[in-house]
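Read through the structure below, which is laid out as C-alpha cells, and then see the notes.
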Amino acid sequence: MYAVWAKGLSEEKNIAVTFQYALTPSADTVIDLAASNLYRLFVNGELIGYGPARAAHGYSRLDTYSLAKWAGCETVLSVEVYSANTNTFYTVDERPFFAAEIKEGETVLAAASDFAAYRMTERVQKVRRFSFQRTYTEIYHLTGDPKAFYAGTADGQTPVETEVVPMNALLPRHVNYPKLDVLPASYVEYGTVGTNPDAKLWRDRAYYGIDPVKFKGFYPEELEEDSGEEVCRFTFAAKGDGSGGTMSPMTYQTYDFGRTLTGFFKLDVNAKTDTTLYIFFDEIITQKDTHKSVSPFRNDCCNVVKYTMPAGEHHLISFEAAAARFASVVVSEGTADIADFGMVLYENPDAASFEYDYGDAELNNIVKAAVNTFAQNAVDVLTDCPSRERAGWLCDSYFSARSEALFTGKNLVEKSNLENYAMCPQSKYLPEGMIPMCYPADHNDGVYIPNWTMWYILELRNYWKRTGDDEMRRMSKDKVYGLVKFFEKYYNEYGLLENLESWVFIEWSKCNDGDYIKGLNYPSNMIWAAALEAVAEMYDDPALSEKAAAMKSAIRELAWNGEFFEDNAVRDENGKLIKTGHLTETCQYYAFYFDVISKDEYAGLFERMLTKFGPKRDAKTVYPNVYPSNAIVGNYLRLELLLRYGYKANVLQECRDFFSNMANLTGTLWEHSNLSCSLNHGFASMAAVYIDECMKN
C-alpha cells in the first residue's frame, strides 16, 4: 500500500481533499483505508465511516470496510481527508496522506492514485482555532449539495493532481467501528435576531496566542472570516416555543437533543434564496432576558459552524465531532426550510450492551449517564471530554479504563491508549525520559505533568493484571524505566522528590495552588512511591520496592502534624526543611489510597475523613483550615476508599448527592461539580463502577 496527496499541498494548514472512485463491487469487495489526520467515508453520498483510530507519531491504524451491501450496483466511494498541519491535543502534527486499496479477495482492484482528488475549497481555510486544544472552526461556502458531490456529481469541479507522499507504518485497529446512528432533536424556541455592534467579543488564548512553533494557527490579521466574532454580535428575542417554520432573514430556531450527545450535526436545508446560516451549540441552556440562551463559548470553545449556500436543496453533515445538548440555528441572510435536524453519533459502539437494573430509579439514571459519558469519551482512545479537547489524558484514563472493563467486558480502547504511549517517540520539546501528559498530541510549549506519568505507571500495572497482556508490559518497559531515571535528579536527602518542574498537578482544588505544590510536595511523593511499587511488581525489581517503602516512611515522619498530613514543606534561608501548615482534604485521601498509611494505624484520621469530610461538608465551619476536594481526583479517591473499606451505603449516598443533578441536567457526568467547564468527562463514568460494586453483592 502506498499513499498520495494533492500535489504541492502537503504543508498547508486546515485543508481537506476528497478522493473519489466509482466501481461496481461484488459481495467480497472491501476497501482498506489509512489517512492522516481525519477522514470520513461516503458511499453513494451516505456517511458510513469516520476515523481513523488514533496512533502514535509515525503510525496509523488501518481500517477496512466491506462493500458487500452495494454488490452489483454502481457505487461511488468518496473519502474526505482532513489535514490540520497544526499541533493540538487531539491529532498529531504530521504531513497528510491518503492510502487505500480496493480489493476483491487478494486482488487489488484500485489503489490510492486511481482515485480522483478534489480540494475542498468550500471549506474556508484561514479561520480561528476551535479551542486551545483542537484545530479549527468550520466555515463553508457551498456551491451545491454536498451529498450530491459525495455521490459522484462533481458540479463542474476539476480534480487536482496528486503525488506519491510518505506514509506512516500501519497498525491494526483494536477498537470497534462507531455505528454512526442518527438521533433527532426536538424544537425548543424560535424568534428574531438583532445585532449589537458594541458587543464584547470572545477572544481567548487560542485567538491571541498563535506562534509558528509553539502554537500553530492563523494570526488574527490573516483570518478570512471569524464566525465567533459574528455570533458574539447577535441579540435574540423569543417569539414562541416549538417550531417557527420557514426561517426568514435574522431569525433563529433552538433545538434540544434531550441529553448531551457527541457527533456531527446533520440537517437538510431547502434554501429558497442564497442563504447564510450558523449552528452554535452547548451542553446547557440558560434563561437570558426574553430568550433561552445557548452560549457557544462557555467551555472555552468556539462552538460555531457556519454555512453559506446557493438556493436549492442541501444535505449537510458537519465534519468535526461536537458535543451538545442544545443547538441554535440562525439564518442571517436568505430564507430556508430546515428539516431533520439531528446528530450522527460518534461514540463507542460497545458500551450500550451493558445491562443493568439496580431496582432504584435514581441509581439507574446515574449509571445511564455514566454509560453515555463513557461512550462519548472512548471512540478510539480514552479521552477527557469529547468537546473542548478530545485528548487522551493520563490519570483520566486510569479511571475510565475500569469503566470500559465494566461496560464492555474488554479493554480494547485502553489497549490502544497504552500502545500509543509505548510507541510514542521522545519529543524534542520534552525532557529526556518524560512522556506527554496527553497523547496522541504535540506539546511544543514544553509543558508536561510529572504526576500524570505516575498515574500512567499505575494504569499500566492495572491493565496488565486485568487483561494478562504481557506484550504490553514488555513493550512499555523502556518508557517506564525512562521515567524512573527521569525522576532520579529530584530526590533530596530524605529520598523524596523535591522541586518538581513544569505543571505539577494534584487535582483541581487548593492543593494545586503554587504555594501548596512547591518545594517538597507530599501527594506527589505518595503517588510516586505507589508507582515505584507498581514498577517493581511488573518487572521484578525489589530495589524499587525498598525505595518506595523508604519514601513512605519518610512521608509519615515529615508530613504528619499530629492531626493531618500537610501538603508540602519548603526550605528556610538556611536550607532547612520546614512545615508550611498547608492542609487539604485531598492530601489525606492520597495518603490512604496509596497505602502510605493504614486505616488501623491512623484510625483517628480515618474517622475524621469518614464522618467530617466529603462533598457535602461545610468547609467554612467544619475544619475550615483543611481545604475541600474537587471531583478530579479527590472526591473519587474518597469513594474508592469508602468502597475499599466496605462503607457501601456511604458510597451510594455520596453518588446520589454528587451525580444525580448532573445526570438529570445533561445525561452525562462532569469534570467539576459546577457548570464552568466540560459537562461530559470520561473519568466520571467511574460512578457506574462504584454503584455496580455496591449493588452486586
Q: Report, by residue number, each residue of region 399-440 that is hydrophobic (A, V, I, L, M, F, W, C) and open to solvent by less than 20 Å² (accessible area, probe 1.4 Å).
A: Phe399, Ala401, Phe407, Val413, Leu418, Ala422, Cys424, Leu430, Met434, Ile435, Met437, Cys438
Q | Of all residues making up region 480-494, the number that are part of a loop (DSSP other than H, G, I, E, B) and surrounded by fewer than 17 Cβ atoms within 10 Å (Cβ to Cβ) | A | 2
Q. Can you name the condition, by its number, that Thr158 falls short on among (1) modelled with pLDDT under 95; (2) over 21 Å from Ile15 (Cα atoms); (3) not aliphatic (A, V, I, L, M)?
A. (2)
Q) If you take the residues in region 106-119 that are more than 17 Å from Asn14 (Cβ to Cβ) and open to solvent by 50 Å² or more (accessible area, probe 1.4 Å), which one is modelled with the lowest pLDDT? A) Glu106
Q) Considering only residues of region 261-293 that are in a loop (DSSP other than H, G, I, E, B) and open to solvent by 10 Å² or more (accessible area, probe 1.4 Å), which is nearest to Ser387 (Cα to Cα)? A) Ile284
Q.
Could you tell me how many of the residues in region 75-107 are over 30 Å from Glu389 (Cβ atoms) and among the basic types (Lys, Arg)?
A. 1
**Q.** strands (runs of 3 or more DSSP E) contained entirely in region 99-183, each with at least 1 residues that are basic (Lys, Arg)
**A.** 116-119
Q: Return the only residue of Asn568, Asn630 being open to solvent by less than 10 Å² (accessible area, probe 1.4 Å) and touching a Phe, Trp or Tyr at 6+ places or on another chain (Cβ under 8 Å).
A: Asn568
Q) Any chance region 365-380 includes a residue that's farther than 27 Å from Gln653 by Cβ, under 14 Å from the mean Cα position of the chain (by Cα), in a loop (DSSP other than H, G, I, E, B) and not acidic (Asp, Glu)? A) yes
Q) What number of residues within region 517-566 satisfy the criterion of being among the hydrophobic types (A, V, I, L, M, F, W, C), in contact with a strand residue (DSSP E or B) (Cβ under 7 Å, 6 or more places away or on another chain) and over 24 Å from Met475 (Cα atoms)? A) 4
(Q) So Pro184 ticks every box in (1) surrounded by fewer than 16 Cβ atoms within 10 Å (Cβ to Cβ); (2) at pLDDT below 95 but one. Which box is left unticked? (A) (2)
Q.
Taking the condition of being of a type in the set (Lys, Arg) and open to solvent by less than 20 Å² (accessible area, probe 1.4 Å), how many residues in region 304-331 meet it?
A. 1
(Q) Pull out all pairs, ordered by first then second residue, where Cβ-Cβ is under 7 Å, the residues are six or more apart or on different chains, the first lies in region 402-415 and is within 13 Å of Arg54 (Cα to Cα), and the second is hydrophobic (A, V, I, L, M, F, W, C) and open to solvent by 30 Å² or more (accessible area, probe 1.4 Å). (A) none
Q.
Can you list residue pairs whose Cβ atoms sit under 9 Å apart, with the first residue in region 6-23 being open to solvent by 60 Å² or more (accessible area, probe 1.4 Å) and the second being of a type outside the set (D, E, K, R) and assigned to a loop (DSSP other than H, G, I, E, B)? Count only pairs 6 or more apart in sequence or on different chains.
A. Glu11/Asn85; Glu12/Asn85; Glu12/Pro96; Glu12/Gln125; Ala22/Gly152
Q: Kindly establish whether Gly240 is among the small types (Gly, Ala, Ser), surrounded by fewer than 21 Cβ atoms within 10 Å (Cβ to Cβ) and within 28 Å of the chain's Cα centre (by Cα).
A: no
Q) For residues in region 304-348 being closer than 23 Å to Arg134 by Cβ and assigned to a loop (DSSP other than H, G, I, E, B), which is farthest from the chain's Cα centre (by Cα)? A) Ser318
**Q.** Answer residue from region 403-430, given it is under 19 Å from the mean Cα position of the chain (by Cα) and outside any helix (DSSP H, G or I) and is nearest to Asn87 (Cα to Cα) among those
**A.** Cys424
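The values are calculated or read from the model by the stated rules, or taken from the named source; none is laboratory data. Quick caveat: nothing in here was measured; it's all calculated off a predicted structure. Cβ atoms come from the backbone with ideal geometry, glycine included; neighbour counts cover every protein chain shown. Ligands, DNA and RNA are excluded from the accessible area calculation, which covers all protein heavy atoms including side chains. Shrake-Rupley method; radii C 1.70, N 1.55, O 1.52, S 1.80 Å.
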